[in-house]
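This report refers to the structure that appears directly beneath it.
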Amino acid sequence: MPPPIQLFLTTIASAPVLRQKQEYLLRTLQVLGIPFVSYDLASDPNAKRLWRRKAPKDKQELPGILIGNVWPGTFEQFESAVENGTIEVFLRQKEEYDADVDGKVLEAQPV
């Protein structure tokens, strides 16, 4: 089983560019049939703390991605992997993940 994918979003996105990026990220994973858990940083303080701890200080813009609790890169790098056909590598879909060894994933809160 590959590492879990966690998406960090916000429901109070006023900037059209941010909304478009969030929609692109969600739509891409849905079309590829890749499971993920999403968190709304506007209403989930635990997710907000996790995102701030795991993402590099200068790369904490939204939407954010963690794969197996590890920051894989920026949205632009995600987008580039989609365009270059390397999205499975970017999302670590061929790797094995063991929650007991690698760590559990934060539970999603209802929005």
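Using a Förster distance of 25 angstrom, determine the FRET efficiency expected from the C-beta separation of SER80 and PHE36, and round it to 0.05. All intermediate terms of the calculation are to be shown ahead of the outcome.
Details: r = 19 Å, r/R0 = 0.75.
The pair SER80/PHE36 has a calculated efficiency of 0.85.
Counting only GluC sites (Glu not before Pro) that are in a DSSP loop and have at most 16 other C-beta atoms within 10 Å, tell me the longest site-free stretch of the chain.
1-60
Taking only complete DSSP H runs, can you tell me which helices of the chain stretch 18 Å or more along their own long axis by Cα positions and average at least -1.0 on the Kyte-Doolittle scale? Could you put the intermediate results ahead of the total?
Working: long enough: 16-32 (24 Å, -0.18).
Sorted by number, the helices that extend far enough and score high enough are 16-32.
Can you tell which of VAL17, VAL82, VAL37 shows the greatest fluctuation in a Gaussian network model of the chain with Cα springs below 10 Å?
VAL17
Relative contact order of the chain: what whole-number percent is it, with Cα pairs under 8 angstrom and at least 6 residues apart? Walk me through the intermediate numbers first.
On the way: 138 pairs, mean separation 42.5, N = 111.
Computed over the chain, the figure is 38 percent.
Leaving out ligands and nucleic acids, note down the accessible area per residue over the range 45-111 with a 1.4 angstrom probe, in whole Å².
Numbers: 4340 Å² over 67 residues.
Value for the range 45-111: 65 Å² per residue.
Among the DSSP beta bridges whose two residues both lie in the chain, what percent are antiparallel, rounded to the nearest 5?
Values: 5 of 9 bridges.
Of the beta bridges lying entirely in the chain, close to 55 percent run antiparallel.
Please work out the Cα convex hull volume for the range 1-52 and give it in Å³ per residue. Can you show the working numbers first?
Numbers: hull volume 4.2 nm³, N = 52.
Value for the range 1-52: 81 Å³ per residue.
The values are calculated or read from the model by the stated rules, or taken from the named source; none is laboratory data. If you're wondering where the values come from, they're calculated on a predicted model, not measured in any experiment. When we count neighbours, we look across all protein chains shown, and the Cβ atoms used for this are built from the backbone with ideal geometry, even at glycine. Side chains included, ligands, DNA and RNA excluded: accessible areas come from the protein's heavy atoms. Shrake-Rupley method; radii C 1.70, N 1.55, O 1.52, S 1.80 Å.
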